[in-house]
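Quick notes on the structure that follows.
The values are calculated or read from the model by the stated rules, or taken from the named source; none is laboratory data. Computed from a predicted model, the values in this text were never measured in an experiment. Here Cβ is always computed from backbone atoms with ideal geometry, including for glycine, and neighbour counts include all displayed protein chains.
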């Protein structure tokens, strides 16, 4: 008897990149769900060797819209959000599945991603810790494994006003986690490697504010997460991340949002 998959590997990608997906080699049953942004109705192919593959195609663009379709169409217990250029660590994923199985109150696990050289792509905690609004701002989508039933029962979704392809091209993961926590959910970081991802990739730079556009977008993220408290949080964020060349007028603009 074939074992029923417990986890879905969910990809959000463009039609032009489907054939570049690095599909995982896992020893345990899993489903693959590909959400394809295809406004031009381009043709693409899926390797025939793959089993348990589903494709959801949309004329819309925007990564958060695409990820929401992944969540909506996933029926397994757990979901990992994968990038088409990321390599999933099978051992790390198995560890996270086991953790979720033994911690039914946990709704989301985040973990470590490395670069091509096997080095952590940013600084991570060295031990397990609960996620809060103050330590989850840097979480990337490919670092997340979600308990699907929890997300659906809480009606959680990625805010489509944020993320790549929108006017505010960052912060969608942080907002998703904040919405989960505000709804009473629990999220945990585990110090295990979940995936490898090239440094030279969209969204790879999470350190600092690069230009006025991303500065404005980050300010809007904090407004979305903290509401009326956001000016205080923005001030803390800006001063903590001070970089050479920052100016007082820029600080004021950022704090005001």
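Structure summary
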| read-out | value |
| --- | --- |
| Residue in segment 147-162 that is within 13 Å of the chain's Cα centre (by Cα) and over 15 Å from residue 221 (Cβ atoms) present | yes |
| Selection count, segment 171-202, where residues are at pLDDT 95 or above, touching a helix residue (DSSP H, G or I) at 6+ places or on another chain (Cβ under 7 Å) and at negative phi | 12 |
| Residues satisfying the stated conditions in segment 27-42, i.e. exposed (fewer than 15 other Cβ atoms within 10 Å of the Cβ) and in contact (Cβ under 8 Å) with a residue 40 or more places away in the chain | 27, 28 |
| Residue in segment 66-74 that is assigned to a loop (DSSP other than H, G, I, E, B) and either modelled with pLDDT under 95 or in contact with a strand residue (DSSP E or B) (Cβ under 9 Å, 6 or more places away or on another chain) (or both) present | yes |
| Looking only at segment 125-146, and only at residues there that are surrounded by 17 or more Cβ atoms within 10 Å (Cβ to Cβ) and assigned to a loop (DSSP other than H, G, I, E, B), the one that is nearest to the chain's Cα centre (by Cα) | 140 |
| Single condition residue 27 does not satisfy, out of (1) assigned by TED's automatic domain parsing to the domain that holds residue 142; (2) modelled with pLDDT under 95; (3) farther than 20 Å from residue 196 by Cβ | (3) |
| One residue from 102, 117 being assigned by TED's automatic domain parsing to the domain that holds residue 36 and modelled with pLDDT of 95 or more | 102 |
| Qualifying residue in segment 43-59 (condition: surrounded by 18 or more Cβ atoms within 10 Å (Cβ to Cβ) and either in a strand (DSSP E or B) or at pLDDT below 95 (or both)) | no |
